[in-house]
1. When the convex hull of the Cα atoms of the range 41-88 is projected onto a plane and the area is averaged over all directions, what value comes out in nm²?
2. At 1.4 Å probe radius, can you tell me the per residue accessible area of the range 41-88 in Å²?
3. Considering only protein heavy atoms and a 1.4 Å probe, what is the carbon-and-sulfur percentage of the accessible area of the range 41-88?
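The values are calculated or read from the model by the stated rules, or taken from the named source; none is laboratory data. In this text, all values refer to a predicted model and were calculated from it rather than measured experimentally. Just so you know, the surface numbers come from the protein's heavy atoms only, side chains and all, with ligands and any DNA or RNA stripped out. Shrake-Rupley method; radii C 1.70, N 1.55, O 1.52, S 1.80 Å.
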Amino acid sequence: NKKAFVELLFWKSPAAAWEMTKGYSSLQEGEGTTRSRVPPWSPQEEQELRELYWKYKEVEGGDVIAAILAHLPTPGRTRRQVVKQLVRM
């Protein structure tokens, strides 16, 4: 690849570096990405998250995310996933 030097100027993830060395499209669908390991939010989960946020956002001195995690019906969601989804919504 004659233009690989240009790509090296920018930050690469391990998956992107693998593709550069082995050839683009060498990764199978879902390999090497963190998004494939995180289950997507269903519309029902998003609605429940929205309702819990509106319920606990006015609590003084409390951790809103901790309250949401305690009452979220789907187990296995991390604090980071909840915050990221709230920001996205």
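1. Details: hull surface 12.5 nm².
Spelled out: convex hull of the Cα atoms, projected over all directions, averaged, 3.1 nm².
2. Numbers: 3450 Å² over 48 residues.
Each residue of the range 41-88 exposes 72 Å² on average to a 1.4 Å probe.
3. After summing per-atom areas, the C and S share lands at 55 percent.
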